[in-house]
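Shown next, in structure tokens, is the structure this report addresses.
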Amino acid sequence: MNVRTTAESLALPVLAIAGGLLLFGLFIWIGGHDPVQAWVLLFRGAFGDGFSIQNTLQRAAPLMLTALAVALPARAGLTVIGGEGALVLGGLAAAALPLALPLPHNALGTAALLLAAAAAGAAWIALAGWLRQWRGVNETISSLLLGYIAIALFKHIVEGPLRDPASLNKPSTLPLPEALRIGTIGSFSLDDVHWGLAFGIVGCVLAALWLAATTHGFATRVVGGNPRAAQLVGLPATRLVVTACAFSGAAAGLAGGIEVAAVHTAANASLIVGLGYTGILVSFVARHQPIAVVPVAILFGGFLAAGSLLQRRMGLPDASVQVLMGFCFVLILASEALRGRLAELFVLRRPPVLAGPSGAPA
């Protein structure tokens, strides 16, 4: 990748986010509020003090994993948007496992919960990859519909067979025992940030290493970048695609398990808040690069954390930040039209030199 391509890959997301902020300011202004105050509160609520930073990091942790649910299939040439379904099934698996098996109340039991969550998510997204490779079903449509099916299954099981009789207004499964829950980091000024942040960062690093430093990851990138070349050299495209989908689903399922074990302590409707859908935006802004997912997830986690501050100070709905994210998503998709042409818009080229009849400059 040359310098121009690298600069363009960095400039397009930055311009999309800046444009999203400008459109959000216009949206705020039309509603009769001060856009400058809104911009200031956005960044103050995200990074203004220690409490804000911890809130941001806590919200960013699941976004890193749900973004991987989009980024990994994208490197294999697929557009998978069903991370929300894998997340809720992962959370359900983590909550249900202690009811089905006598787990040890220690770190091994917690690890078993998270493995069950990752396995549930992996199986769900791998199904979308299998449908694409064996039946020719469009993976974007199938993963989206599988997400709706997963949410319906989640609600049926949580509100039916696994419902805790004590959960009246908000149906939930039985809470996890204290010993099986994930605690906070508790050091480096991160007293309120759970270990899910570490899982997210490590997951992004491992995904980057898999893609860049292993033959399996290289073969996956070849399948995604040039399917015809992959076919000519005999790469097992079907197996590689399904494996990439399984890895992506495992990341989203793990996010659901961590949310149950670290935040909600039980499976309930609080899991269905759109983390999987926000992960789509994070992945696209990060250009499906696992390492770039980390700072982008922190940025958008900060925007989510600032929603309550906008509500308190300006009387805006807490969900108004979703409008900002919608603007960013539209602009990052539109920016694809500028790929390879951005420099032409900003760099003035010299006019052509006209040659005379003898070939010398006129």
Taking the criterion of being part of a loop (DSSP other than H, G, I, E, B), farther than 30 Å from PRO73 by Cβ and among the hydrophobic types (A, V, I, L, M, F, W, C), would at least one residue in the stretch 133-145 satisfy it? no
Please determine whether any residue of the stretch 141-151 is more than 23 Å from the chain's Cα centre (by Cα), among the polar types (S, T, N, Q) and closer than 27 Å to VAL273 by Cα. no
Yes or no: the stretch 124-133 includes at least one residue that is closer than 29 Å to LEU103 by Cα, of a type in the set (A, V, I, L, M, F, W, C) and modelled with pLDDT under 95. no
When every residue in the stretch 213-235 that is among the small types (Gly, Ala, Ser) and loosely packed, with under 13 Cβ neighbours inside 10 Å is compared, the one farthest from ALA71 (Cα to Cα) is GLY234
List the residue pairs whose Cβ atoms are under 8 Å apart, where the first residue sits in the stretch 131-160 and is at negative phi and surrounded by fewer than 13 Cβ atoms within 10 Å (Cβ to Cβ), the second is small (Gly, Ala, Ser) and in a helix (DSSP H, G or I), and the two are 6 or more positions apart or on different chains. TYR148/GLY85
Using the structure shown, decide if LEU324 is crowded, with 16+ Cβ neighbours inside 10 Å and at pLDDT 80 or above. yes
Of the residues in the stretch 161-177 that are among the aliphatic types (A, V, I, L, M) and within 14 Å of ALA261 (Cβ to Cβ), the one that is surrounded by the fewest Cβ atoms within 10 Å (Cβ to Cβ) is LEU174
Among the residues of the stretch 185-205, the number that are surrounded by fewer than 18 Cβ atoms within 10 Å (Cβ to Cβ) and either in contact with a Pro (Cβ under 7 Å, 6 or more places away or on another chain) or without any contact (Cβ under 8 Å) to a residue 40 or more places away in the chain (or both) is 6
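The values are calculated or read from the model by the stated rules, or taken from the named source; none is laboratory data. Here the structure is a predicted model, which is why all the values come from computation and not from measurement. Please note: Cβ atoms are built from the backbone with ideal geometry, for glycine as well, and neighbour counts cover all protein chains shown.
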